[in-house]
Amino acid sequence: MVRRVVIMGAAGRDFHNFNVFFRNNEDYRVVAFTAAQLPNIAGRIYPPELAGPLYPDGIPIYPEEDLPKIIREMNVDLVVFSYSDVSHQYIMERAALAQANGADFMLLGPKSTMLKSSKPVIAVTAARTGAGKSPTSRRVSKILKAKGLKVSVIRHPMPYGDLRKQIVQRFASLEDLDRHNATIEEREDYEPHLRLGNVVYAGVDYEKILREAEKESDVILWDGGNNDFPFYKPDLMITVVDPLRAGHELTYWPGSVNVRMADVIIVSKVDTACYADIEKVIMNVERVNPRAKIITAAIPYTVDKPELIEGKRVIVVEDGPTVTHGDMGFGAGYLMARKLRAEIIDPRPYAVGSIKETYEKYAHLSQVLPAVGYGEAQMKELEETINNSPAEAVVLGTPTDISRYLRINKPAVHVYYELQEIGSPTLEDIIGEFLKRVGL
């Protein structure tokens, strides 16, 4: 009997799970996706060009709130949860909802969804979004390139536009970001790599992406999104844990999977976290994954043009996912503004449109403006919110320099941060051993 399926997602892991497990599987029919976490995903169609011959009309995407109705009216047998950075409690509430309405509930794991590469794969993952994946990935890429190796960075998907045009995307310059109409979220993750001279791949069909990247690479570097586990089977897996959210390494999915699978655990932010929380995270990691090598690391931050914000009234803009569903509430921009004794303006009175709705959804936010920009309209609302404020300057804690493509009516300074290992072993030590093992 063919089982009728709904995939719960957020325009990333859900599409990958469909492509590798369900697309050509005669035992299942995916009747719908649901969308959460991000705006402007529901209401679209997963196109037939990607869905394959079993789905000549494509697959509709509905809001997650409609799940009970979808299960009942479409006679759904199975609900597959396929997005990341959620608590274990959150997942089981969705499981209860699915089962109460008559459907089974599934979590597809690494064995069913990881693709194998012909090249060595180093994967960088995390326990939570905002833990320090990006500076870790940049550090790994620098080590590999210093050894004369060709590296392709493959990023977790962020297909927020026309999916048919995003099957395989290759970014080699900042101009490519404009050519692909990249959102702020994409720019935050791609732009720092491009500034280092790294080629970045992303898109929707990650088998096709992998085969293209393999053509120009000695090593594949998987730069994960949120706290998802890799789409590719890693030969070396690095997981970053965050002592500013001590305990989350065991209670958030699928970050808790990454912690248990990792060959290397990086305990980041030891320069800003308290000693007790650092110790707690290390103890938790050692309990569930005693074989992993543990690296402690700082993420020091610097700012260009500090004189523009020292003692001034400022609005602080931080990485969107980190301070929204990542639950952080602040980032490097806020820390730098405090360090320079700036007066930090509450952005909420000046928020418009979907930015105002973001503050309503994430009530823990008050002192920072999340750099959400999942499309042209939302980017304009972010720009308007910044310009509405009476700040004398903007502090950008975002990985991307949003002043490059938003029309901001006040001077902006950019906060930079990189990973710095403390003591030994270092990433260079571990990667050196790995390269010897794989013959590079």
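The values are calculated or read from the model by the stated rules, or taken from the named source; none is laboratory data. None of the values given here were measured: they were computed from a predicted structure. Neighbour counts are summed over all protein chains in view; Cβ atoms, including those assigned to glycine, are modelled from backbone coordinates with ideal geometry. In case anyone asks, the SASA skips ligands and DNA or RNA and just uses the protein heavy atoms, side chains included. Shrake-Rupley method; radii C 1.70, N 1.55, O 1.52, S 1.80 Å.
Quick one: would you say Asn24 is of a type in the set (S, T, N, Q) and within 24 Å of the chain's Cα centre (by Cα)?
Judged against the criteria, Asn24 is not a match.
Could you say whether any residue in the stretch 312-322 is modelled with pLDDT under 95, farther than 20 Å from Glu383 by Cβ and not β-branched (Val, Ile, Thr)?
Within the stretch 312-322 (the criterion being modelled with pLDDT under 95, farther than 20 Å from Glu383 by Cβ and not β-branched (Val, Ile, Thr)), the answer is yes, since at least one residue qualifies.
The conditions are (1) more than 12 Å from Gln169 (Cα to Cα); (2) surrounded by fewer than 24 Cβ atoms within 10 Å (Cβ to Cβ), and Asp228 fails exactly one of them. Which is it?
Of everything listed in (1) more than 12 Å from Gln169 (Cα to Cα); (2) surrounded by fewer than 24 Cβ atoms within 10 Å (Cβ to Cβ), Asp228 misses just condition (2).
Quick one: in the stretch 221-248, of everything that is more than 30 Å from Ala276 (Cβ to Cβ) and assigned to a strand (DSSP E or B), which residue is farthest from the chain's Cα centre (by Cα)?
Only one residue tops the list, namely Leu236.
Out of everything in the stretch 317-329 that is under 28 Å from Thr426 (Cβ atoms) and in a loop (DSSP other than H, G, I, E, B), what residue ends up being most open to solvent (accessible area, probe 1.4 Å)?
My answer is Met328.
Does the stretch 320-346 hold any residues that are touching a strand residue (DSSP E or B) at 6+ places or on another chain (Cβ under 6 Å) and under 18 Å from Glu188 (Cβ atoms), and which are they?
Result: Gly320, Val323, Thr324, Gly331, Ala332, Gly333, Tyr334, Met336.
Taking into account only those residues within the stretch 44-53 that are in contact with a strand residue (DSSP E or B) (Cβ under 7 Å, 6 or more places away or on another chain) and not β-branched (Val, Ile, Thr), which is most open to solvent (accessible area, probe 1.4 Å)?
Arg44
Considering only residues that are open to solvent by 20 Å² or more (accessible area, probe 1.4 Å) and within 18 Å of the chain's Cα centre (by Cα), look in the stretch 110-132 and name the one that is nearest to Val241 (Cα to Cα).
The residue in question is Gly130.
Out of Lys293, Lys269, report the one residue that is of a type outside the set (Asp, Glu) and either surrounded by fewer than 18 Cβ atoms within 10 Å (Cβ to Cβ) or touching a Cys at 6+ places or on another chain (Cβ under 8 Å) (or both).
It is Lys293.
From Gly375, Gly353, Gly320, which residue is closer than 17 Å to Thr129 by Cβ and among the small types (Gly, Ala, Ser)?
Of Gly375, Gly353, Gly320, the one residue that is closer than 17 Å to Thr129 by Cβ and among the small types (Gly, Ala, Ser) is Gly320.
Tally the residues that are touching a Pro at 6+ places or on another chain (Cβ under 9 Å), in a helix (DSSP H, G or I) and within 27 Å of Arg341 (Cβ to Cβ), restricting the search to the stretch 279-316.
Matching residues across the stretch 279-316 total 1.
Any idea which of Val281, Val314, Val303 is closer than 23 Å to Ala393 by Cα, in contact (Cβ under 8 Å) with a residue 12 or more places away in the chain and open to solvent by less than 10 Å² (accessible area, probe 1.4 Å)?
Val314
Given the residues Glu207, Glu249, Glu216, Glu286, which is the only one that is in contact with a Gly (Cβ under 9 Å, 6 or more places away or on another chain) and over 30 Å from Glu392 (Cβ atoms)?
Within the list Glu207, Glu249, Glu216, Glu286, the selection yields Glu249.
Out of the stretch 57-99, which residues are more than 16 Å from Ile7 (Cβ to Cβ), touching a Pro at 6+ places or on another chain (Cβ under 9 Å) and open to solvent by 60 Å² or more (accessible area, probe 1.4 Å)?
The answer is Asp57, and nothing else.
Could you check the stretch 18-104 for strands (runs of 3 or more DSSP E) lying wholly inside it with 3 or more residues that are of a type outside the set (A, V, I, L, M, F, W, C) and over 18 Å from Lys361 (Cβ atoms)?
By residue number, no strands (runs of 3 or more DSSP E) qualify.
If you go through the stretch 91-137 one residue at a time, how many are without any contact (Cβ under 8 Å) to a residue 12 or more places away in the chain and under 21 Å from Gln37 (Cα atoms)?
3
Residues Lys142, Lys165: which one is free of Cβ contacts under 8 Å to residues at least 40 places away in the same chain and closer than 21 Å to Glu188 by Cβ?
That would be Lys165, the only listed residue that is free of Cβ contacts under 8 Å to residues at least 40 places away in the same chain and closer than 21 Å to Glu188 by Cβ.
Could you please find all residues in the stretch 357-377 being closer than 20 Å to Gly329 by Cα and in contact (Cβ under 8 Å) with a residue 60 or more places away in the chain?
Hits for the stretch 357-377 are Ala371, Val372, Gly373, Tyr374.
If I ask for residues that are open to solvent by 20 Å² or more (accessible area, probe 1.4 Å), acidic (Asp, Glu), more than 16 Å from Lys119 (Cβ to Cβ) and in a helix (DSSP H, G or I), which ones from the stretch 161-220 would you list?
Glu175, Asp176, Asp178, Asp189
Based on this model, can you work out whether Leu107 counts as out of contact with any helix residue (DSSP H, G or I) (no Cβ under 7 Å at 6 or more places or on another chain) and open to solvent by less than 10 Å² (accessible area, probe 1.4 Å)?
When the stated conditions are applied, Leu107 does not pass them.
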